[in-house]
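To start, the structure under review is shown below, and the notes come after it.
Just so it is clear, none of the values below were taken in a lab; they were calculated from the coordinates. On a predicted model such as this, the values are computed, not experimentally measured, just so you know. Cβ placement follows ideal geometry from the backbone for every residue including glycine, while neighbour counts extend to all protein chains displayed.
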Amino acid sequence: MKLVVLKGGDEAIPLRAAAGAAKRNAGAVAVSLPGQAWVLVNVTPAVAEQLGSDARLLQHTGLVDAPVRAVVLTDAQVDHVTGLLGLRDGPPIHLYATPAVFEELTHNLPVLPLLEHYCGVHWHVIPVAGECREASFRVDGLPGIEFTAVATEEPLPPHASHFGNPAVGDSIALAVRELAGGQRFFCAGNLAAAGAIAVDWMNEADCVLLGGSDNCGGAAARTATIAQFGQMGARRKLLMCRAGEDSTHDGGVLQGAAGRAAQQAELAREGIELALDRMEIVL
């Protein structure tokens, strides 16, 4: 199994670090097997642009010039879904999502009706809803991999139709297993919202990619998350922080290369890697 971290091009240096501003998980991950299709897990606007402009991604055959674009969405967060609009002039999109996410993207954030006028969208429902908190599925063109969606409890976006009243399927984590070799990859938004089932999956995975606001911010929540993540049993642990800046203990901010170096040093002490743009992981 091959994984490629996508964060929109070269690591950007923020123009400013607003006090108290939310840190967002601006990235995606692409998954494939040799000779099979690629699937994207979430698509930010920057990643959509990267797929159309970054020649360095051509080394991953079929990632840039895919005849069909497969996308799995973990939620309906604006940062995770609006990149679909940047793919509108490309090949048809096969979209895998829960009923709750399809509902949001049809009505409150109507990305899907708009795409129907361009590339077209083929819907594939992940049946995590109601009493069903876990479901396995396959992605067309990628027969050697099994995906399992696990319900999580991420904060709802402000545009959600039932904001303040979350439902099963509003957000999911993903377990990805190579059928032939048994290698296991797991990705989740954050530990606080993961739940016991997702944590069990993480402990058994060969590689875990964790991202989200509570992982990249400052203060005690960040420290506790890193410590808990570092104690997990996964063979390889990566954190999808915004790598352009890093809060220091005295409240200051390090930017650019200094910020990345500070993050990497902090995470390395816990056995965690910083997931950098275009990082390739082979399991």
Mind listing which chymotrypsin sites (Phe, Trp or Tyr not before Pro) in region 113-188 are in a DSSP loop and have 15 or fewer other Cβ atoms within 10 Å? Tyr118, Phe163
Backbone HN-Hα couplings from phi across region 224-233 [Karplus 6.51/-1.76/1.60, Hz, Gly and Pro as x]: 5, 5, 4, 5, 5, 5, x, 7, 6, x
Inter-probe distance in nm under a simple model that places probes 7 Å from Cα toward Cβ, at Glu131 and Asp65: 5.1 nm
Charge-dipole axis of region 25-123 as Lys and Arg at +1 and Asp and Glu at -1 on Cβ define it, positive-most pick from Leu85, Val68, Leu112: Val68
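Can you give the charge dipole size of region 73-149 about its Cα centre, rounded to the nearest 20 debye, using +1 on the beta carbon of Lys and Arg and -1 on the beta carbon of Asp and Glu?
Values: 3 positive and 10 negative charges, 27 e Å.
My answer is approximately 140 debye.
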Checked region 31-141 against the a/c 1.5 cut and the a/b vs b/c comparison, axes a ≥ b ≥ c from its Cα gyration tensor; verdict oblate
Would you please put 223-231, 53-61 in order of how densely packed they are, using the mean number of other Cβ atoms within 10 angstrom per residue and starting with the highest? 223-231, 53-61
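Would you please name the GluC sites (Glu not before Pro) within region 36-143 that are DSSP coil residues with at most 12 other C-beta atoms within 10 Å of their C-beta?
Numbers: sites: Glu49, Glu103, Glu104, Glu116, Glu131, Glu134; in loops: Glu116, Glu131.
Of the GluC sites (Glu not before Pro), the ones in loops of region 36-143 whose Cβ has at most 12 other Cβ atoms within 10 Å are Glu116, Glu131.
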Report the trypsin sites (Lys or Arg not before Pro) located in region 138-212 that are in a DSSP loop and have at most 14 other Cβ atoms inside 10 Å of their Cβ, or state none. none
